[in-house]
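Below is one structure; the comments refer to it alone.
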Ligand SMILES: *Cc1c(COP(=O)(O)O)cnc(C)c1O
């Protein structure tokens, strides 16, 4: 399919002259920096954070590009994936005019970002098996549809979205297909990163907030064509990733073994948790999960939620969400945490 990014991007953004920061105008090494109105004396801390961070995070990108085996030019780093989701709306959707398609029940930020940007959302509900319907989706596309968000593995249902569906959509749709792979590290399915070379309209989003255990540092990643990546760079705030995040994330990336070990343990715990939950008589269904959580249908979910909370155990009440009536979403915790959860559930 001949896809043209230039045709999709908002006119204002195409013609935007981005802010040129002091740190992007001078990129060499110098001994005296008097160009950014910083505090030359240092910071009231042991570590120094008085200098603005590098706007394009070359050190971090180098490490991530090697980790993911993707060229740095196809990688964008955001202040969490949430920043990336928001940027995609701002770059491609004209407020009050354009639309995006989502597949509920799914991650709530797609709609929130759409609302903030005055972009209307078209819902194409998942089937009871939590898969999208290709015909319904294609029929929902209009000339104003710019983005389609697919969360795979999906939050809150936990399952992966059918690959043939995603591939068909990539071929049928002239806008961007955004695949949010926040939970891909826990999945049996392969990432869609390998599809980037054949699909100019694909954006893959990943995050260091889940398997990498760095939710507090805020580091999201977008993988896409160089054209899309340069648009993200053009529109983002100049210093979107703080020096502290860049430095700490860089250290963490040297410790992939820790993460692989954590993933193995979590997958084992997930299966244990599923088995234990299925033995509890008020539990009706534990849905299959490709993520680090399970969706559980349980009698009187709301009451169960409150009773767990009374005992200091907080799960996510999804019982009011479509297709998730009487469902709780439970993150796989440590062996001790899961055991405690089960003990309390047995008593309720
Ligand atoms: C947790 C989660 C994210 C992560 O967002 P960050 O801003 O990177 O922390 C993104 N997408 C989905 C579906 C999630 O569940």
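The table for this structure:
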{"read-out": "Peptide ranges 265-275, 24-34, 46-56 listed from the most packed, as the mean C-beta count within 10 angstrom indicates", "value": "265-275, 46-56, 24-34"}
{"read-out": "Bridge type composition, the chain - antiparallel percent by DSSP, nearest 5", "value": "55"}
{"read-out": "Kirkwood Rh, angstrom, segment 119-247 [1 / mean 1/r, Cα pairs]", "value": "16.0"}
{"read-out": "Degrees, to the nearest 10: 301-310 long Cα axis against longest axis of the chain", "value": "70"}
{"read-out": "Cα long-axis angle, helix 81-92 against the chain (0 to 90 degrees, to the nearest 10)", "value": "60"}
{"read-out": "Helix-only [θ]222 nm of the chain, DSSP H runs n ≥ 4, -39500 (n - 2.57) each, per residue, nearest 500", "value": "-10500 deg cm²/dmol"}
{"read-out": "Proxy reagent accessibility, fewest Cβ within 10 Å first, across 13, 298", "value": "13, 298"}
{"read-out": "Rounded D (µm²/s) - segment 1-147, Kirkwood Rh over Cα pairs, Stokes-Einstein at 20 °C, 1.002 mPa s", "value": "112"}
{"read-out": "Ascending count of other beta-carbon atoms within 10 Å, so fewest first, for 190, 281", "value": "281, 190"}
{"read-out": "Equivalent ellipsoid semi-axes - Cα gyration tensor, the chain, angstrom", "value": "36, 28, 18"}
{"read-out": "Packing-based exposure ordering (other Cβ within 10 Å, fewest first) of 204, 112", "value": "112, 204"}
{"read-out": "Prolate/oblate/rounded label for segment 193-265 (Cα gyration tensor, a/c 1.5)", "value": "oblate"}
{"read-out": "Percentage of interatomic Cα-Cα distances in segment 230-322 larger than 23 Å", "value": "52"}
{"read-out": "Using distinct alpha-carbon pairs, which all enter the 1/r mean, Kirkwood radius of segment 94-149 in Å", "value": "11.5"}
{"read-out": "Cα long-axis angle, helix 243-253 against the chain (0 to 90 degrees, to the nearest 10)", "value": "60"}
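Throughout, read-outs are computed from the coordinates displayed, never taken from laboratory work. Since we're looking at a predicted model, the values are computed, not measured. Quick reminder, even Gly has a Cβ in these numbers, built from the backbone with ideal geometry, and neighbours come from all protein chains shown.
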